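The structure under discussion appears below in the form of structure tokens.
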Protein chains: 2
Amino acid sequence: MNNWDTVAIVGVGLIGGSIGLDVRAKKLAKRVIGVGRRASSLKAAKAAGCVTETTLKLEQAAAAADLIIVCTPVGRIVEDVRTAAAAARPGTLITDAGSTKGSIVRALDGTLPDGVVFVGSHPIAGSEKSGPTAAVRDLYRDRVVVVTPTETTPAAATRTIERFWKLLGARTVRMSPEAHDAALAATSHVPHLIASALAAATPADVLNLAAGGWHDTTRIAASDGALWSQILCDNRECVLEGLTEVEESLEMFRRAIENRDLAGLERLWQVGKERRETAKKKKSNATSASRRR
Amino acid sequence: MNNWDTVAIVGVGLIGGSIGLDVRAKKLAKRVIGVGRRASSLKAAKAAGCVTETTLKLEQAAAAADLIIVCTPVGRIVEDVRTAAAAARPGTLITDAGSTKGSIVRALDGTLPDGVVFVGSHPIAGSEKSGPTAAVRDLYRDRVVVVTPTETTPAAATRTIERFWKLLGARTVRMSPEAHDAALAATSHVPHLIASALAAATPADVLNLAAGGWHDTTRIAASDGALWSQILCDNRECVLEGLTEVEESLEMFRRAIENRDLAGLERLWQVGKERRETAKKKKSNATSASRRR
């Protein structure tokens with residue numbers, strides 16, 4: 001038995017394409033319609049098995065769907081949700097996969113046609129790769145998806161969206177859009193900015209000496225620049241605050257190095273090391289809890 | 001036929017232990033003496049097969065060796081080389097594996113007993129792990145080892161040290177100690193500092209939302225703090241210059257985000273992305289050249 005008759009995925013890149021692969025493999029819907037703006041991407045998504053059919057017309061897919069997942073870049077999500085909602089039948093649920101939530105959720109809150117509900121989501125998964133050919137099965141397995149209902153979101157809609165992500169193997173965490181944006185600035189948006197700035201600051205002529213450390217620290221600098229520019233601007237205040245935190249941390253390192261203060265440097269180093277250990281513990285606890293489920 | 005009769009490895013952690021494993025597996029020496037300051041580490045190194053015998057007495061090992069590789073932390077290398085050189089027979093070659101070269105090589109230059117030669121080395125390999133139990137075979141395979149002779153280093157000694165690293169599968173690059181330190185500040189020392197500062201600046205209570213990006217960007221923050229404090233202080237001027245470069249890059253990002261300058265942000269992002277692509281190309285060219293050898 002399918003959980004949904006028709007799921008529409010708007011934007012069939014790495015994120016949307018991977019959702020499609022799982023929805024199909026787990027038989028969560030009879031039809032999976034891929035919506036895009038370029039015929040070539042849609043063709044690639046269908047060839048990769050991400051969707052059962054494709055269309056360039058968002059309205060057409062929205063009118064046929066019970067569940068619509070908008071996986072377009074952050075700067076397009078509000079517009080795509082509005083277009084989809086205007087064409088959707090009453091009872092249709094819409095969610096997204098955007099890396100920021102505050103501006104998107106607040107812009108849509110209370111503005112959609114009666115009977116069409118939007119619940120914001122952010123699946124914390126991905127890679128520096130992009131496009132439907134980068135889509136993989138189980139991208140969301142054991143990953144966290146933050147779901148961000150507001151005061152006006154019907155509780156049943158939130159639960160359905162949470163169930164959807166859990167069916168893909170994810171754990172869901174409920175947060176306000178604002179709390180999400182503050183947290184993700186620290187764990188994702190600022191690290192992307194730092195990785196990019198570090199890569200850019202490394203002179204090209206010494207890169208033959210770059211080893212694993214440089215490659216890992218700058219891996220996410222290879223992410224899509226257009227996508228990330230939108231995320232950084234959209235979550236502007238939180239990103240700038242997080243950047244200030246890092247710069248203050250760098251200033252402490254600078255002073256300790258200037259003073260050849262080995263003991264002070266070791267203490268600073270220890271703080272970062274403890275954060276890594278905390279993160280590792282939280283990750284393994286979460287994974288074993290989710291395996292027990 | 002062995003290339004050396006007796007190799008002494010001073011400091012049998014990840015770096016020294018891995019050298020020992022290769023020297024033994026490739027039968028480059030009859031005896032491989034592990035030297036350390038704690039009996040427990042030496043026992044672990046012998047149990048892991050890194051060395052054929054062990055001693056707490058550096059002088060004793062140095063007197064028996066044809067080739068001595070000093071793999072102690074940067075802050076101890078000069079002293080250990082001096083102690084080894086004073087006990088060594090004429091004709092003995094000494095090298096090291098320190099991550100900085102300027103202060104070490106210049107402190108030793110022209111100060112060793114006649115007939116004992118030191119040539120600085122830096123194998124650009126490692127991991128955030130440490131200790132003899134972290135030692136692995138082929139750690140140096142396809143890796144770059146920078147060898148830093150000075151104006152007074154006998155050419156034959158430099159060639160022998162280069163041959164040693166090549167026998168472990170590495171490629172060697174010859175540089176001045178000063179050029180090495182400037183390059184490695186950019187490709188390794190500053191990235192370690194940035195990773196550590198970023199990890200420290202991430203609030204502990206949001207780490208449950210940290211995903212692959214955060215974990216990769218901060219991986220090397222888990223490295224040994226005592227070791228890295230010494231490296232950062234030893235290569236002080238170059239590290240502070242490199243840090244300034246990154247801070248300037250971060251300032252440009254900050255201004256673009258403040259001004260919601262999407263096009264400017266994309267241009268900044270592109271610079272880092274190109275550096276990643278350059279590094280990737282240099283890596284794969286080097287690997288295929290070394291496979292052809």
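Below is a table of values for the structure above.
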item: The range A:148-159: number of residues that are more than 17 Å from the chain's Cα centre (by Cα) and buried (at least 18 other Cβ atoms within 10 Å of the Cβ); result: 2
item: Answer residue from the range B:80-112, given it is among the hydrophobic types (A, V, I, L, M, F, W, C) and within 17 Å of B:Val173 (Cβ to Cβ) and is surrounded by the fewest Cβ atoms within 10 Å (Cβ to Cβ) among those; result: B:Val105
item: Residue identified as of a type in the set (A, V, I, L, M) and within 7 Å of chain B (Cβ to nearest Cβ) among A:Leu232, A:Leu227; result: A:Leu232
item: Criterion violated by B:Gly242 - all others in (1) more than 7 Å from chain A (Cβ to nearest Cβ); (2) more than 18 Å from A:Ser249 (Cα to Cα); (3) of a type in the set (Gly, Ala, Ser) satisfied; result: (2)
item: Residue within the range B:191-205 that is modelled with pLDDT of 95 or more and either among the acidic types (Asp, Glu) or more than 30 Å from A:Gly272 (Cα to Cα) (or both) present; result: yes
item: Cβ pairs under 9 Å, 6+ apart, first in the range B:137-158 and closer than 21 Å to B:Ile15 by Cβ, second surrounded by fewer than 17 Cβ atoms within 10 Å (Cβ to Cβ) and acidic (Asp, Glu); result: B:Thr148/B:Glu178
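The values are calculated or read from the model by the stated rules, or taken from the named source; none is laboratory data. This one's a predicted model, so the numbers in the text were calculated from it and none came from an experiment. As a convention, Cβ positions derive from the backbone with ideal geometry for all residues, glycine included, and neighbour counts pool all protein chains shown.
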